[in-house]
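**Q** This is the structure I have questions about; it appears just below.
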Amino acid sequence: MGCEKYKPTYILIALNVAIYIAGAVVGGNAFTTSDGVVAQWGQVNQFVFQGAYYQLITSMFIHASIVHLVGNMLFLLIFGLRGEEMFSLPEYLGIYLVGGLVGNVLSLAFGPYFISVGASGAIFALFGACVIYSRRSMRQSILGALVYAFFLFFINTGEGVNILAHLGGLGFGLIVGYLIAMRRKPDHEEKPRNPYSVALPF
């Protein structure tokens, strides 16, 4: 759909990895991100309420540990490459960045002492958009897509997980993916035949 030339998934993965490496160098630990890096570039709700609004964006590129990074990048690779097949570059980046932002804004409801890092909200936005788009663009029921999407959401809940960021990203992706599918003509629909054309026997 227009992403093939730019491969935004690989660019986003490289950016996340590069930022993690930079944080590891600054913090002096390759396995976990230092509290100082998290306080400066993660989403610390107390600081956001005090005016550090940039953290709503930068926190999407900060990860708590190498395990956190690898897990998120694996899912970004899977759903990102799928999204490249479905969406144009502006659509793809809009879903990822705005979806992540929506999730982070929603996570402000956790209160001033909540701290969050990671690309999960943005990745859930891509996932939701891909699932709903693939069903709706084929004019199939979206019920199965919704069940699958929320099943994956619930199995990714647990202690230390930013549930509202995941939910905000997923909800945004589902809505946007549905709207894009609604306004785009399905690829499987046949073009109207010319009544004056003659079918050749070969």
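The values are calculated or read from the model by the stated rules, or taken from the named source; none is laboratory data. Every value quoted in this text rests on a predicted model; they were computed, and no experiment measured them. Cβ coordinates were reconstructed from backbone atoms using ideal geometry, including for glycine residues, and neighbour counts include every protein chain displayed.
**Q** Which of the helices (runs of 4 or more DSSP H) contained wholly in the range 20-124 include at least 1 residues that are surrounded by fewer than 15 Cβ atoms within 10 Å (Cβ to Cβ) and among the aromatic types (F, W, Y)? Walk me through it before giving the result.
**A** On the way: elements: 35-41, 45-49, 55-58, 66-86, 89-107.
Filter on the range 20-124 gives 45-49.
**Q** Please verify whether R183 is at pLDDT 65 or above and surrounded by 15 or more Cβ atoms within 10 Å (Cβ to Cβ), treating the condition exactly as stated. Spell out how you get there, then give the answer.
**A** Details: at pLDDT 65 or above: yes; surrounded by 15 or more Cβ atoms within 10 Å (Cβ to Cβ): no.
So R183 fails the test.
**Q** For the condition more than 12 Å from the chain's Cα centre (by Cα) and farther than 24 Å from G128 by Cα, what is the one hit in F31, F87?
**A** On the way: F87 fails: farther than 24 Å from G128 by Cα.
The unique qualifying residue is F31.
**Q** Taking interchain pairs and intrachain pairs at least six residues apart, which have beta carbon atoms under 8 angstrom, with the first residue in the range 95-112 and in contact (Cβ under 8 Å) with a residue 24 or more places away in the chain and of a type in the set (S, T, Y) and the second surrounded by fewer than 24 Cβ atoms within 10 Å (Cβ to Cβ) and assigned to a helix (DSSP H, G or I)?
**A** That search, which allows pairs on different chains as well, returns Y96/P8; S107/N45; S107/L164.
**Q** Now a separate question. Would you confirm whether any residue within the range 77-87 is at pLDDT below 95 and more than 15 Å from P8 (Cα to Cα)?
**A** no
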